[in-house]
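Undergrad: Before anything else, here's the structure in question.
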Amino acid sequence: MRVLVVEDNSELVVLLTKALERAGLDVDGVRTVADAEASLRAMNYAAVVLDLGLPDADGLSLLDQMRRRRDGTPVLILTARSGIEDRVKGLDKGASDYLIKPFATEELIARLQSLLRRAPAPEGHVLTLGNVALETAGRQTSVAGKPVAVPAREADLLEVLMKRNGRLVSHEVLRGQVFGAAQGVSSNAIEVYIHRLRRLLTDAGANVQIHTIRGAGYLMKADTAGAA
Ligand code: CA
C-alpha cells in the first residue's frame, strides 16, 4: 500500500518515511499542495498524511479539493495547531483523523493502520457499464470483477463517461468536470488521457468502447453481444 506524505519539514519527512516503510508501506513525500495535487492525479494512494502549514497553501485546501471531487482516500492531518477550531475545521472538511505535533511515530503508524483497515468511504456508489465497475468514493475500478489500477485523472474521465452511459460527453464537459474549467486543458491533452484509459480498459479485457465523436467529444458504450 502506498501512502502520500505532504510535509515541508524535510527532517520530519525522513523520519516519517523510515517509520512508514518499517511498517511495510510505500511512501511518496511531497512538500507543497501543488505537488500533492499532481501526485494524487498520477497515483492511487491508500492514505494521505497531511501537514497543514505548507509553503504554497493551507493543507486544508488540499483536503477540501479531494472531498469536492469525491476522493474518499483517508486523510490523517498533522498539525502544530492545537486549537479546537482547527481540529473541527479539519474534521468538517472530511479529515479521517488528526495528530498534534509533536507526536510519536508509533502513534502515527497505529492511527494510520487503523484508517487503512477501515472500509472505503461509505458515501460512494458503484457505477457499472458492461463488465466495468467503478466505486466512486474509493475510486476502485474493476473489470469482470478484477481490480484494475486506474490513475486518478483517467478514473475521473471514466466516471463522467460511465455516468452518461452511451450519450455524448462534450470536450467542454470533460474539461470542466475532470480538469477544472480554470486550467485551460487542450482537446489534445484530453485525447491523451482518453487514449490511456482505452488502453487500460482494453488490456483488462473490458467489453466497453470509448468512441471519439470528431469535433464534439466522446461516448462510452458496452459492446452488444452478437452486434454486427
Ligand atoms: Ca509545515
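Undergrad: Anything in segment 83-112 that is farther than 20 Å from S39 by Cα, in contact (Cβ under 8 Å) with a residue 60 or more places away in the chain and crowded, with 20+ Cβ neighbours inside 10 Å? List them, or say none.
TA: L108 - this is the single residue of segment 83-112 that is farther than 20 Å from S39 by Cα, in contact (Cβ under 8 Å) with a residue 60 or more places away in the chain and crowded, with 20+ Cβ neighbours inside 10 Å.
Undergrad: Report whether or not P102 is at pLDDT below 90, within 16 Å of the ligand (Cβ to nearest atom), over 30 Å from L134 (Cβ atoms) and part of a loop (DSSP other than H, G, I, E, B).
TA: So P102 passes the test.
Undergrad: Read through the list (1) within 22 Å of L157 (Cβ to Cβ); (2) β-branched (V, I, T); (3) within 14 Å of the ligand (Cβ to nearest atom), then give the number of the only condition that T73 fails.
TA: Among (1) within 22 Å of L157 (Cβ to Cβ); (2) β-branched (V, I, T); (3) within 14 Å of the ligand (Cβ to nearest atom), the lone unmet condition for T73 is (3).
Undergrad: Determine which member of the set A80, A57, A42 is within 16 Å of the ligand (Cβ to nearest atom), modelled with pLDDT under 85 and surrounded by fewer than 18 Cβ atoms within 10 Å (Cβ to Cβ).
TA: Result: A80 is the single residue among A80, A57, A42 that is within 16 Å of the ligand (Cβ to nearest atom), modelled with pLDDT under 85 and surrounded by fewer than 18 Cβ atoms within 10 Å (Cβ to Cβ).
Undergrad: Which ones in segment 1-38 are touching a Phe, Trp or Tyr at 6+ places or on another chain (Cβ under 9 Å) and within 21 Å of G90 (Cα to Cα)?
TA: If the condition is that a residue be touching a Phe, Trp or Tyr at 6+ places or on another chain (Cβ under 9 Å) and within 21 Å of G90 (Cα to Cα), then V3, L4 are the ones that fit.
Undergrad: Assess whether L62 counts as being within 16 Å of the ligand (Cβ to nearest atom), under 22 Å from Y193 (Cβ atoms) and crowded, with 22+ Cβ neighbours inside 10 Å.
TA: In short, yes.
Undergrad: From L161, L127, grab the single residue that is at pLDDT below 90, open to solvent by less than 40 Å² (accessible area, probe 1.4 Å) and more than 19 Å from Q65 (Cα to Cα).
TA: Just a single option satisfies the conditions, and that option is L127.
Undergrad: Further question: Is it the case that some residue within segment 8-27 is touching a helix residue (DSSP H, G or I) at 6+ places or on another chain (Cβ under 6 Å), acidic (D, E) and assigned to a loop (DSSP other than H, G, I, E, B)?
TA: no
Undergrad: Among the residues of segment 143-155, write down those that are assigned to a helix (DSSP H, G or I) and either farther than 14 Å from M220 by Cα or open to solvent by 20 Å² or more (accessible area, probe 1.4 Å) (or both).
TA: Across segment 143-155, the qualifying residues are A152, R153.
Undergrad: Now a separate question. Give the residue, chosen from V33, V48, that is within 14 Å of the ligand (Cβ to nearest atom) and assigned by TED's automatic domain parsing to the domain that holds Y98.
TA: Just a single option satisfies the conditions, and that option is V33.
Undergrad: Please go through segment 164-176 and pick out each residue that is open to solvent by 70 Å² or more (accessible area, probe 1.4 Å) and on the phi > 0 side of the Ramachandran plot.
TA: If the condition is that a residue be open to solvent by 70 Å² or more (accessible area, probe 1.4 Å) and on the phi > 0 side of the Ramachandran plot, then N165 is the only one that fits.
The values are calculated or read from the model by the stated rules, or taken from the named source; none is laboratory data. Since the model is a prediction, treat every value here as computed from it, not as a measurement. Here Cβ is always computed from backbone atoms with ideal geometry, including for glycine, and neighbour counts include all displayed protein chains. Note: accessible area is taken over every heavy atom of the protein model, side chains too, but ligands, DNA and RNA are not part of it. Shrake-Rupley method; radii C 1.70, N 1.55, O 1.52, S 1.80 Å.
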